[in-house]
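**Student:** Below is the structure I would like to discuss, written out as structure tokens.
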Amino acid sequence: MTKKDIKSISYDELSNWIQENNYKKFRTDQIFSWLHEKNVVSFDQMKNVSKQIIQQMDSEFYINSIKIKKKLVSSLDNTVKYLYMLEDSECIESVVMEYAFGRTICISSQVGCKMGCSFCASGKSGFVRNLTTSEMLDQLYVAQRDLDCKIGNIVLMGIGEPLDNYDNFIQFVKNVSNPKGRNLGLRHITVSTCGLVDKINRLADENISINLSISLHASNDLIRKSIMPVAKKWSIDQLMDACHRYIKKTNRRITFEYACIDKVNVLDKHAIELAERLKGMLCHVNLIPINPISEESFKAVENVQLRRFFDILKNKRIPVTIRRTLGQDVNASCGQLRRDSLDV
């Protein structure tokens, strides 16, 4: 019999297993808490669970575990970057960032990425596979154990496209937010997507009102198609329709990520065009100075032009910020640490 990954199953699935085996209902809460609150790595660590249940769980399930392969700590701002090794020896990465309001972890959702955005390092080494629910959870759990702290915010903005790994991503959100486990509030979870319109619409109907971040990076379809293959399938108008629907369903403000690329998307006319598109929308624009990558000739925008772009949006009453750069001394740009490990 093939064992199941117990951290990837839902609370209800665990409850059904408990009932099918004629164990008392309270055992579900105990076991789920051991897995998702106390983050045990073996069934033997579940001290208040009977040996009979532990033996049966051990015969039918396994507790997935990822290991820290490399850890870098920034001397500038305490950003911590992890390179994790999975059970099949593939590698992923996550970043823990320290803010005044607490720690935030940026996690990966896939090994590699198939979206092919030209300015992004994450997909340059190709797509390998989706992460399981437990592999996403473990990026949080292992970091919390290593840092001996509770991390209060999660952003799914690491390697991969979360909505392309939809089912595992949804189970991840449900497990990490379950009151019987980690109990992380939905308002503390943000998912970033390059704009999979069908999945955004599906997410709007899930009744899990997490924060949505859209990797927009262009004010019109011509520019977006030149740097983001996903734009060849869905236009900006279609994407905006899905965003309006998500806002209406969830009452959540959407963040639009905008990577600023010199001579590509940061002219005054682009700022004006972007402001017109977002006028009246419950949203926020996050301007991101790009990290140049070796495969492309894109250059970071000059500070003067970045500030001018910011001012145009602000003057047109579009909420806007410039992302603070963290972990500059520890390869904190997404995908870079994994790529370096593959080159060794």
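We did not get these values from a lab; they are worked out from the coordinates using the rules stated. Fair warning: this is a prediction, and the values are worked out from it, not measured in the lab. Because the Cβ atoms are built from the backbone with ideal geometry, glycine has one as well, and the counts that use them run over all protein chains shown.
**Student:** How high is the FRET efficiency from Asp88 to Asp262, r the C-beta distance, R0 30 Å, rounded to 0.05?
**Tutor:** Result of the calculation: an efficiency of 0.15.
**Student:** Rounded to the nearest 0.05, what FRET efficiency do Glu273 and Leu186 give with R0 = 35 Å and r taken as the Cβ-Cβ distance? Could you check?
**Tutor:** 0.60
**Student:** Hey, another quick one. Magnitude of the Cβ-charge dipole of the chain, K/R +1 and D/E -1, about the Cα centre, nearest 20 debye?
**Tutor:** Dipole size: approximately 840 debye.
**Student:** When every alpha-carbon pair in the stretch 123-210 is counted, what percent end up more than 16 Å apart?
**Tutor:** Tail fraction, whole percent: 55.
**Student:** Starting with the highest mean, order 145-153, 181-189 by the number of other Cβ atoms within 10 Å, averaged over the residues of each peptide.
**Tutor:** 181-189, 145-153
**Student:** While we're on this one: Considering amide H positions built from the backbone, and no H for Pro or chain starts, which residues 5 or more places from Lys4, or on another chain, come under 5 Å of its amide H?
**Tutor:** Residues meeting the criterion, in which the H sits 1.01 Å from N, are Phe61, Tyr62.
**Student:** Then there's this: Choose one of Phe256, Ile31, Asn21: the residue whose Cα lies farthest towards the positive end of the charge dipole of the chain (beta-carbon charges +1 Lys, Arg; -1 Asp, Glu; about the Cα centre).
**Tutor:** Toward the positive end, the furthest listed residue is Phe256.
**Student:** Quickly rank 70-76, 123-129 as a protection proxy: mean count of other C-beta atoms within 10 Å, highest first.
**Tutor:** Packing proxy ranking, top to bottom: 123-129, 70-76.
**Student:** While we're on this one: Taking only the alpha carbons of the stretch 44-133, what extent do you get along each of the three principal axes, in Å, biggest first?
**Tutor:** The Cα atoms of the stretch 44-133 stretch 53, 35, 22 Å along their principal axes.
**Student:** Given Ser75, Ser89, Phe101, which one lies farthest toward the positive end of the charge dipole of the stretch 1-130, if we put +1 on the Cβ of every Lys and Arg and -1 on the Cβ of every Asp and Glu?
**Tutor:** Ser75
**Student:** Sticking with this one: With +1 on each Lys and Arg Cβ and -1 on each Asp and Glu Cβ, and nothing else charged, work out how big the dipole of the stretch 4-62 is about its Cα centre, in Debye to the nearest 20.
**Tutor:** I would put it at about 240 debye.
**Student:** Relative to the longest principal axis of the C-alpha atoms of the chain, give the angle of the C-alpha long axis of helix 166-177, reported between 0 and 90° and rounded to the nearest 10°.
**Tutor:** 70 degrees
**Student:** Below 8 Å between Cα atoms, with a sequence gap of 6+, how large is the relative contact order for the stretch 118-191 in percent?
**Tutor:** This gives 35 percent for the stretch 118-191.
**Student:** Please tell me the relative contact order of the stretch 4-62 in percent, rounded to the nearest whole number, where contacts are Cα pairs under 8 Å and at least six residues apart.
**Tutor:** 38 percent
**Student:** Debye sum, Cα scatterers, the chain, no solvent: what log₁₀ I/I(0) at q = 0.08 1/Å?
**Tutor:** Here log10 of I(q) over I(0) equals -0.41.
**Student:** Once a ≥ b ≥ c are taken as the square roots of the eigenvalues of the Cα gyration tensor of the stretch 4-62, is the result rounded (a/c under 1.5), prolate (a/b larger than b/c) or oblate (a/b not larger than b/c)?
**Tutor:** rounded
**Student:** Ok, one more. Work out how much length Asn251 to Met281 would gain on full extension: take 0.36 nm times their residue separation and subtract the Cα-Cα distance, in nm to one decimal.
**Tutor:** Working: separation 30, 0.36 × 30 = 10.80 nm, distance 1.13 nm.
My answer for the length gained is 9.7 nm.
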